[in-house]
Amino acid sequence: MKIYTKTGDEGITSLLGGLRVPKSDLRIDAYGTVDELNSYLGLLRDQEINDKRADFLKEIQDRLFTIGADLATVPGKDKVKKPDLHVEDIEELELEMDRMDLELPPLTAFILPGGHQAVSFCHLARTVCRRTERIVVELASYEQVNPLVIQYLNRLSDFLFVLGRKMAAELEVDEVTWKPRS
């Protein structure tokens, strides 16, 4: 099977379920940004500091593929075969955040991205996650979107913030805190 089909050469693509839409469609933007987020998660998973978390990060990437498939499906086409997102997927993120939080000092200031390249990659993933969430929320104001998708993305950005803090602690680098000018 060839990777190129030439069916999108005029700026039109197909959703799961057969509907053809412009590549500028908000739904395409939504699942395309999920794909971008997934790439950042791969970069984050590849950081040596995350070796022991690689399986969990891969699980998140799997959930992002699930979300991408959900967003790529024509609303109302319930017979399209695709994996489902579950409330338990969100709860797993919460449990992992709670575990990491137990080992971190209390948050007393806003954290600036940086301090170590691996931590910076985590903050990049977090901000792309927030952008993804905003696009999906906008899409939901026009079309049907599974509410679990929005909840998962919201919780994932929180998870990535806590993970960035945990990575900084494990790397023994100071968190870069925001000190506003007076």
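The values are calculated or read from the model by the stated rules, or taken from the named source; none is laboratory data. As the structure is a computational prediction, the values presented were derived from the model and not from experiment. All Cβ positions, glycine included, derive from the backbone under ideal geometry; neighbour counts span all protein chains shown. Quick note on the areas: whole protein, heavy atoms, side chains included, nothing else; ligands and nucleic acids left out. Shrake-Rupley method; radii C 1.70, N 1.55, O 1.52, S 1.80 Å.
Applying the criteria of a DSSP loop state and at most 13 other Cβ atoms within 10 Å to the chymotrypsin sites (Phe, Trp or Tyr not before Pro) of the range 106-171 yields F110, Y142.
Long hydrophobic helices in the chain, taken as whole DSSP H segments with a C-alpha length of 18 Å or more on their own axis and mean Kyte-Doolittle hydropathy at least 0.0: 26-45, 54-71, 117-140, 147-171. What number, in nm² with one decimal, is the all-direction average of the projected area of the convex hull of the alpha-carbon atoms of the chain? The Cα convex hull of the chain, projected and averaged over all directions, gives 13.2 nm². Sparse packing (at most 15 other Cβ atoms within 10 Å of the Cβ) combined with a DSSP loop state is found for the following GluC sites (Glu not before Pro) in the range 123-182: E143, E172. Among residues other than H86 with Cβ under 10 Å from its Cβ, the summed charge is -4 (Lys and Arg +1, Asp and Glu -1). Remark on T73: its backbone amide H falls under 5 Å from those of L16, a criterion applied only to residues 5 or more positions apart or on other chains, H modelled at 1.01 Å from N.
Once you list every other residue whose beta carbon is under 10 Å from the beta carbon of L107, what net charge do they have if Lys and Arg are +1 and Asp and Glu are -1? That works out to -1.
Averaging sequence separations of C-alpha pairs under 8 Å and six or more residues apart, then dividing by the length of the chain, give the relative contact order as a whole percent. Reported relative contact order: 26 percent. Computed with a 1.4 Å probe over protein heavy atoms only, the accessible surface of the chain comes to 59 Å² per residue. Springs join every pair of Cα atoms under 10 Å in this Gaussian network model of the chain, and among V74, V87, V136 the largest mean-square fluctuation is at V87.
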